[in-house]
Each structure stands twice: as structure tokens, then as C-alpha cells.
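Here is the structure we will look at.
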């Protein structure tokens, strides 16, 4: 028997709306008085691959609202649909049913209007282009004038602390530096949203901690709205205003946890009882849904 999404986005008898919490106030820089309501609005989203005995439900009745300037992390076991949901937001995958609104428009409109930047799990840099020219690449594609391309790219490299390396090539940089170039490239055209798909997952712990601090600084400085995918519960708690906890496939939102930790956060934050309390809470949510071990 095929599992079909409901005809409407209202929860049916077998589903219920996820628990939500009031989001922490975003940084002052993120407030735009001309934009009211959520910048991301997902209602009753289903994504089903195949049919019949080959049917796979990747996302089931997902609803989520993200306010401007929030830092939202998606956590859950492998295969729960975290990256799939991010790809739906980026118009890389079309959902089966439900609605998705990005800045009042469709994901397609958001993509065509360059309203988001996307940072992948690996930096995806061109080895034959210098750091500066890698950051300039999307600006070239968008048709920015040459002088503006260079000034924008240099400003972003300064923002991520890589001004001294603009003439280097990717193979001359460490993994962490390459990922910072990737972030600079994603921010070069000043998008409203930043989607990040496990960008620090392959890095060592010390480099990862340093880049987490750097990312929080960038978030505070730019006021961007960030949707961040990670397997690490501790990373999600440290970075986020809210953590979206997803269950194993079929992926759905089990609970949304508001992270009420003071800003700015430092590595000392990770040693506080409040931090450990949030990590424990999210682990218990996941274990109650299904057995799941994470750091």
C-alpha cells in the first residue's frame, strides 16, 4: 500500500504539529522593519520518492517557520532528511506536496533572485583559480562589473580573515581555510539567507571549534538568516537560536528546542550547566524517537 501525503497541510489523525518554542531574539543587525513575518515558511511538506513497493517517504508533514536573523540548526540521524529539506529550500528538489515560501516567494524565485547562498559539505573550489577568483566566480556569473567583483570579493575575504591569501590557490590552503573561502563566496553577492550543509563535518575538532566561533562572529556582523545542517548536537546547541530535531525516515520534526544561551558565545559557553542541559535534552528527544548516538 502506497503512503500518500494528505490533500491539505493540516495535521491528520496520525500526525501532530511539532512542539515549538518562542525563538530567541536575533541580533539587532538582523532586524528589517520592512519585512514582517517569517522569511521561511514551510507548511505540511511531504517528499516521496518512487511508488508502490519502491516508495520512500523522505519527508513527512514538515512544518517550520524561520524568522529573519535566526540561526536554525537541523539535527538528527543519517537519512532523516536534513539535507533533503535544505535542498528543497534551495529549489534543488521539488516536494511532493505542501507549501514552501522563501521571503514571500517560491524557492524557484528565491534561487533566480539570488536570495540565498549555499555552503556545501566540501568547499568545492576550482583548483586553477586563485582564492580571490574563486570568491569572484558567482559575481562573474551574475554579471557584476569587474571592479565591483573584485571589491566585493576582497571585502568578503577580509570578513573571514583571509585577505593575505587572495593570490593563493586552494591546494595551498588548509581544509578550514578552504571552507572559509567557500563561506566568503556564498556571501559575496549579499544574499538574505545562508544555507549550510555540514560545512565543518570533515574538519578536526580544534579547527571546527575555531570555525564555529568565526561563524557566530559572521552571523552577528552580517545579520543573515542561517539554516545549518549538522550531525553534532553540541555544535547545534553552541551555534543556534533554535534546534530542529528530526526523526529517522520518514523524516519529520519531532521537536523544536529554543536555545536560550547568552550572546556572544565563547568556548566557555560549552562548559556551562545550561549548555550541557540543552545537549542532554536533545539527546533524550532523539533516543525517545529512536536509538541514536551522537557527540
Output the residues belonging to segment 235-289 that are part of a loop (DSSP other than H, G, I, E, B), in contact with a helix residue (DSSP H, G or I) (Cβ under 9 Å, 6 or more places away or on another chain) and within 18 Å of residue 212 (Cα to Cα). 259, 260, 261, 262, 263, 264, 265, 266
Within segment 196-211, can one find any residue that is crowded, with 19+ Cβ neighbours inside 10 Å, in contact with a strand residue (DSSP E or B) (Cβ under 9 Å, 6 or more places away or on another chain), at pLDDT 95 or above and within 15 Å of residue 70 (Cα to Cα)? yes
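Yes/no matrix, rows are residues, columns are (1) outside any loop (DSSP other than H, G, I, E, B); (2) touching a helix residue (DSSP H, G or I) at 6+ places or on another chain (Cβ under 8 Å):
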| position | (1), (2) |
| --- | --- |
| 123 | no, yes |
| 126 | no, yes |
| 134 | yes, yes |
| 144 | no, yes |
| 147 | yes, no |
| 150 | yes, yes |
Working only within segment 44-68, note down all residues that are in a loop (DSSP other than H, G, I, E, B), touching a residue at least 24 places away in the same chain (Cβ under 8 Å) and either touching a helix residue (DSSP H, G or I) at 6+ places or on another chain (Cβ under 7 Å) or surrounded by fewer than 16 Cβ atoms within 10 Å (Cβ to Cβ) (or both). 51, 55, 68
Looking at 165, 189, which one is surrounded by fewer than 20 Cβ atoms within 10 Å (Cβ to Cβ) and touching a strand residue (DSSP E or B) at 6+ places or on another chain (Cβ under 8 Å)? 189
Output yes when any residue across segment 103-112 is buried (at least 21 other Cβ atoms within 10 Å of the Cβ), out of contact with any strand residue (DSSP E or B) (no Cβ under 6 Å at 6 or more places or on another chain), at pLDDT 75 or above and not in a loop (DSSP other than H, G, I, E, B), and no when none is. no
Considering segment 88-99, residues that are surrounded by fewer than 20 Cβ atoms within 10 Å (Cβ to Cβ) and touching a residue at least 60 places away in the same chain (Cβ under 8 Å), and then whichever is farthest from residue 47 (Cα to Cα), we arrive at 90
Please state which one of 165, 144 is more than 23 Å from the chain's Cα centre (by Cα) and over 27 Å from residue 89 (Cβ atoms). 165
Within segment 82-98, track down each residue that is in contact with a helix residue (DSSP H, G or I) (Cβ under 9 Å, 6 or more places away or on another chain) and either modelled with pLDDT under 95 or at negative phi (or both). 88, 89, 90, 92, 93, 94, 95
Within segment 121-129, can one find any residue that is modelled with pLDDT of 95 or more and within 30 Å of residue 41 (Cβ to Cβ)? no
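The values are calculated or read from the model by the stated rules, or taken from the named source; none is laboratory data. Owing to the predicted nature of the structure, the values given are computational and were not obtained by experimental measurement. Note that we place each Cβ from the backbone using ideal geometry, even for glycine, and neighbour counts take in every protein chain shown.
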